[in-house]
Amino acid sequence: MAARRDQAFAAIPDPGRARTLDDLSEGLRSLKVWAGNPSYEWITGRINKAWAAAGRPASELTKKPTVVDCFKPGRRRLNTDLVLAIVQALHPDAGYVTQWRQALRVVGGETRAASQ
């Protein structure tokens, strides 16, 4: 069982396969495992360090519970900026972050269309 799970996460998760917000949340959980399953504290720290370095005021930094919420299924919307920051923290490859940005646009557009 563990070997099968290791094989499942050997390849980096493809956000382009996501069709729903739950798919995106599942992709984030898979990416977290792929990245060595760092703690939410570690992810939050990386995000806040990057945001502070980019000039964000302390009042706009994120909190651990907000980060954790991005990984939970059943979301009605996702904070695009935060999701991309999580992806950047877990795999700082510009091309991969761009794939997530596109997936967020596609799923966000489909979610808005379905709610209208």
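The values are calculated or read from the model by the stated rules, or taken from the named source; none is laboratory data. The model shown is predicted, which means the values in this text are computed figures rather than measured ones. A quick note on method: Cβ atoms are made from the backbone with ideal geometry, for glycine too, and the neighbour counts reach across all protein chains shown. Protein only, heavy atoms only, side chains kept; ligands, DNA and RNA dropped before computing areas. Shrake-Rupley method; radii C 1.70, N 1.55, O 1.52, S 1.80 Å.
Name every residue in the stretch 42-91 that is aromatic (F, W, Y) and within 25 Å of G109 (Cβ to Cβ), in order of residue number. Once the filter is applied, which keeps residues that are aromatic (F, W, Y) and within 25 Å of G109 (Cβ to Cβ), the stretch 42-91 yields only F71. K49: in contact (Cβ under 8 Å) with a residue 40 or more places away in the chain and either crowded, with 17+ Cβ neighbours inside 10 Å or part of a helix (DSSP H, G or I) (or both), yes or no? So K49 does not fit the description; no.
On the basis of being charged (D, E, K, R), assigned to a helix (DSSP H, G or I) and open to solvent by less than 70 Å² (accessible area, probe 1.4 Å), does K32 make the cut?
Details: charged (D, E, K, R): yes; assigned to a helix (DSSP H, G or I): yes; open to solvent by less than 70 Å² (accessible area, probe 1.4 Å): yes.
Against the criterion (charged (D, E, K, R), assigned to a helix (DSSP H, G or I) and open to solvent by less than 70 Å² (accessible area, probe 1.4 Å)), K32 qualifies.
Screening the stretch 76-91 for residues that are outside any helix (DSSP H, G or I) and open to solvent by less than 70 Å² (accessible area, probe 1.4 Å) and picking the one that is nearest to A11 (Cα to Cα) gives H91. Filtering the stretch 12-29 to residues that are small (G, A, S) and surrounded by fewer than 16 Cβ atoms within 10 Å (Cβ to Cβ) leaves only G16.
Taking every residue in the stretch 28-39 that is closer than 19 Å to W100 by Cα and pairing it with any residue that is part of a loop (DSSP other than H, G, I, E, B) and β-branched (V, I, T), at least 6 positions away or on another chain, the pairs with Cβ-Cβ distances below 8 Å are L31/I12; W34/I12. Does the stretch 100-112 contain at least one residue that is touching a residue at least 40 places away in the same chain (Cβ under 8 Å), among the polar types (S, T, N, Q) and assigned to a helix (DSSP H, G or I)? Looking for residues that are touching a residue at least 40 places away in the same chain (Cβ under 8 Å), among the polar types (S, T, N, Q) and assigned to a helix (DSSP H, G or I), one finds at least one in the stretch 100-112, hence yes.
Scoring A94 on the criteria (1) in contact with a helix residue (DSSP H, G or I) (Cβ under 6 Å, 6 or more places away or on another chain); (2) open to solvent by 60 Å² or more (accessible area, probe 1.4 Å) leaves a single failure, condition (1).
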